[in-house]
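**Q** Following this message is one structure expressed as structure tokens.
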Amino acid sequence: MPTVQARTLRRASAIMGGTQALAAKLGVVPLKLQDWIEGSALPPNRVFLMAVDIVVAHDAVRPNPPNNPGSGNSPADKGEQR
């Protein structure tokens, strides 16, 4: 199972439009970022926290889609059966 750091970096990469853009934003070498995303090494705390900031900022301005499980709006969250 991927670490929380790897999952967060992968999500931040998707938000930023790819590993090249995220690496530039974080000020790191893209190959090193790829190692962290793959989980073969842990990123420095500074890098991880910057990635968390990217994800949180993105989620704060973008509400959950209506049928996203866990959003409170999906049929499963409302106790409805499909």
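The values are calculated or read from the model by the stated rules, or taken from the named source; none is laboratory data. Since the structure is predicted, the reported quantities are computational estimates derived from the model, not experimental observations. In this analysis, Cβ positions are derived from the backbone assuming ideal geometry, glycine residues included, and neighbour counts consider all displayed protein chains.
**Q** Report whether or not Gly39 is of a type in the set (Gly, Ala, Ser), within 18 Å of Thr3 (Cβ to Cβ), modelled with pLDDT of 65 or more and over 13 Å from the mean Cα position of the chain (by Cα).
**A** yes
One line per residue, one yes/no per condition, for (1) surrounded by fewer than 18 Cβ atoms within 10 Å (Cβ to Cβ); (2) without any contact (Cβ under 8 Å) to a residue 40 or more places away in the chain; (3) out of contact with any helix residue (DSSP H, G or I) (no Cβ under 8 Å at 6 or more places or on another chain); (4) assigned to a helix (DSSP H, G or I):
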position	(1), (2), (3), (4)
Met1	yes, yes, yes, no
Gln5	no, no, no, yes
Leu9	no, no, no, yes
Ala14	yes, yes, yes, yes
Leu33	no, yes, no, yes
Trp36	no, yes, no, yes
Ser40	yes, yes, yes, no
Pro43	no, yes, no, no
